[in-house]
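Visitor: First the structure, then my questions, so here it is.
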C-alpha cells in the first residue's frame, strides 16, 4: 500500500500517544507491583503442605494452594475462575493486537503470503486474515504441549529471549550512534543520565539472556535440558534469511503529511 489508510480504529486511538502510552506502561507496572506483592504474601501464608504443592501432578500449583487455603474444592474452583477469566479476556486482546501487527508488516510486504495477510475484510472492516493466522499459529504451538513439554518450554523460553533482545536491538544502535538521529520525545533522558540508563539496560539484557539459557535444574538430561537458546538461534537464522530475501521489496512505513492522507470509504 502506497498510502495511509485511516479507519475508525485509528481515529479512536490514543490521545497524545507520545505522552500517554509511556504513562500507561509505567502505570501498569506500578499497579502490578502494588497488587502482586500483597497477593503473593497472602498466597505463601496460605500454604499448609509445601510438599503437596511442589509434587502436584496438575502442573498448576495454584489450584493446590487454593484448595489448601479454602479447604474445599468448590472454593478452589471459584478462585480459579477469577484467575482464568482475566487470562481469557487478555488472550482475546493479544490476538487482536498480534493480528494488527502482522497486518502492518504484511501491508509493507515484509511477511510470507503478504497478499493474503494484508487484506482487510470487506464486511468486518478489520484485518481478519491476519488475526486468523495468529490464532491458528498460536493454537498449533499450544498443541505442542500435549506432545512434549520440553519442546513447549523451548518455545516459551524463545519468546522470553527474543522479546528481551528486541529492546536491545533498539537501545544498542541508539547508544552506539551517540544517542543522535532521532527526535527527542517528552521523556527523553538528556546528557549523561541517558548514557548511564542505556548502558545499564544493555548489560542487564545481555546478562539475563544468558541466564535464560541455563538448564532448569542440575543434573540435566535430554528431557530436562533448556533448548531455548537453540530455538532463539533458529528463529534468528530464519529472520536473517528472510530479511535477505525481502530487503529489496520492503520499503517500510512512510511518514506522510495529513494533507496526503486518503480515507477508505466506510
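Visitor: Compute a Gaussian network model of the chain, connecting alpha carbons closer than 10 Å, and tell me which residue from 140, 151, 118 fluctuates the most.
Guide: Among 140, 151, 118, the largest mean-square fluctuation in the Gaussian network model of the chain belongs to 140.
Visitor: Continuing with the same structure: Taking Cα atoms, how many degrees apart are the long axis of helix 228-246 and the longest axis of the chain, rounded to 10 and kept between 0 and 90?
Guide: Its long axis makes an angle of about 10 degrees.
Visitor: Which whole-number percent gives the relative contact order of the chain, counting Cα pairs below 8 Å spaced six or more residues apart?
Guide: The value is 21 percent.
Visitor: Using the alpha-carbon atoms, what tilt in degrees (0 to 90, nearest 10) does helix 17-45 show relative to the longest principal axis of the chain?
Guide: The helix 17-45 is inclined about 0 degrees to the chain.
Visitor: Do the sum for the chain: with -39,500 (n - 2.57) for every DSSP H run of n ≥ 4, divided by all residues, what is the mean residue ellipticity at 222 nm, to the nearest 500 deg cm²/dmol?
Guide: Calculated mean residue ellipticity at 222 nm is -22000 deg cm²/dmol.
Visitor: Quick check on packing: order 102-110, 206-214 by the mean number of other C-beta atoms within 10 Å, highest mean leading.
Guide: The packing order, highest mean first, is 102-110, 206-214.
Visitor: Could you tell me which of rounded, prolate or oblate describes the chain, using a ≥ b ≥ c as the square roots of the eigenvalues of the alpha-carbon gyration tensor, with rounded for a/c under 1.5 and, failing that, prolate when a/b is larger than b/c and oblate otherwise?
Guide: prolate
Visitor: Let me ask you something else. Can you bin segment 148-266 into rounded, prolate or oblate? Criterion: square roots of the alpha carbon gyration tensor eigenvalues sorted a ≥ b ≥ c, rounded for a/c under 1.5, prolate for a/b above b/c, oblate for the rest.
Guide: Oblate, because a/c is 1.5 or more while a/b does not exceed b/c.
Visitor: Sorting 134, 94 on the 10 Å Cβ count, fewest up front, what's the list?
Guide: Starting with the residue having the fewest Cβ neighbours, the order is 94, 134.
Visitor: Can you sort 77, 33, 57 from fewest to most other Cβ atoms within 10 Å of each residue's own Cβ?
Guide: 57, 33, 77
Visitor: Could you please rank 111, 59, 224, placing first whichever residue has the fewest other Cβ atoms within 10 Å of its Cβ?
Guide: Listed from fewest to most nearby Cβ atoms, that is 59, 224, 111.
Visitor: Something else: Treating the angle as unsigned and between 0 and 90°, give the value, to the nearest 10°, between the Cα long axis of helix 128-147 and the longest Cα principal axis of the chain.
Guide: The answer is roughly 30 degrees.
No value in this document is a laboratory result; all are computed from the given coordinates. Since the model is a prediction, treat every value here as computed from it, not as a measurement. FYI the Cβ positions are ideal-geometry reconstructions off the backbone, even for glycines, and counts take in every protein chain you see.
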